[in-house]
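Everything on this sheet refers to the single structure shown next.
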Amino acid sequence: IRPTMPVPLILRILVPFAWVALPVTSLTVVYYMAVIIISVLLSFLLQPITTAVGVAAWVGYITYLYINREKPEIKPFEANVSGKEDGEIVLLCHGWPDRAELWAKTLPALEDKYRCITYTLPHHAGRDRTKNFWGVDLDTAVSCIAAMLEAELKKCNKTKALVIGHDWGSMLVMMLERRFPSLVKRLVLVDVLAPPIPTHKRKWIATFMMGMVYQY
């Protein structure tokens, strides 16, 4: 029988609560989630009851913050406009966790013929992190994109635009086309698995499975 190594009292006290402070760190999402999982499992091993109470308190607090969160305002995103002044408008939508600079090598091939619009989503590239902890939901993001696109179309006296989406940006532009068809002339989806359009009652299962398979 292998003797078990005694765990110092200080670790038994600190470890169950150390992971709670992780949201204030600058870890990227991938490392953050890995550290969370490892820390929680280790906490349950060292101090199961204390950890269970801590997790319950943390979940309750986060739920309270979410219920009382400030709803994001629907306003046009900041647009980066370049290219031919009277050219056909092309809206380029990045995915997760990218930013407008994703299109830096694409724009030169389009700017001679098209008027290009890019933007960076809130909470991407460190934008607006302190303004709204919860970020922006998909419906609000699509409404903000539509407001931005409509404003730029009016400036150029045009009615519709070509819309390009990359990665999860493709999901946003598909939602944009369905909710605001009058703004979209044509969609181009890049590096994305098209979502299923099931006719059966359990379409949410198909959508969930699509997200899991595509993302991971």
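Does ALA161 satisfy the criteria of being open to solvent by less than 60 Å² (accessible area, probe 1.4 Å) and at pLDDT 90 or above? For ALA161, the condition - open to solvent by less than 60 Å² (accessible area, probe 1.4 Å) and at pLDDT 90 or above - is met. Among residues of segment 103-158 being within 19 Å of GLU70 (Cβ to Cβ) and among the acidic types (Asp, Glu), the one that is modelled with the highest pLDDT is ASP139.
The set of residues from segment 61-102 being in a helix (DSSP H, G or I) and open to solvent by 40 Å² or more (accessible area, probe 1.4 Å) comprises TYR61, ILE62, THR63, TYR64, LEU65, TYR66, ILE67, GLU101, LEU102. Residue check: is VAL15 under 30 Å from TRP168 (Cβ atoms), in contact with a helix residue (DSSP H, G or I) (Cβ under 9 Å, 6 or more places away or on another chain), at pLDDT below 80 and buried (at least 16 other Cβ atoms within 10 Å of the Cβ)? For VAL15, the condition - under 30 Å from TRP168 (Cβ atoms), in contact with a helix residue (DSSP H, G or I) (Cβ under 9 Å, 6 or more places away or on another chain), at pLDDT below 80 and buried (at least 16 other Cβ atoms within 10 Å of the Cβ) - is not met. Checking LEU176, LEU149, LEU153, LEU172 one by one, the residue that is more than 22 Å from LEU102 (Cβ to Cβ) and in contact with a strand residue (DSSP E or B) (Cβ under 8 Å, 6 or more places away or on another chain) is LEU153 and no other. Taking first residues from segment 178-190 that are farther than 16 Å from MET148 by Cα and partners that are among the β-branched types (Val, Ile, Thr), the Cβ contacts under 7 Å between residues at least 6 apart in sequence or on separate chains come to LEU187/VAL163; LEU187/VAL173; VAL188/ILE164; VAL190/ILE164.
The values are calculated or read from the model by the stated rules, or taken from the named source; none is laboratory data. Because the structure is predicted, anything quoted here is derived from the model rather than measured. Note that we place each Cβ from the backbone using ideal geometry, even for glycine, and neighbour counts take in every protein chain shown. Each accessible area value is taken on the protein alone, full model and side chains, heavy atoms only, with ligands, DNA and RNA left out. Shrake-Rupley method; radii C 1.70, N 1.55, O 1.52, S 1.80 Å.
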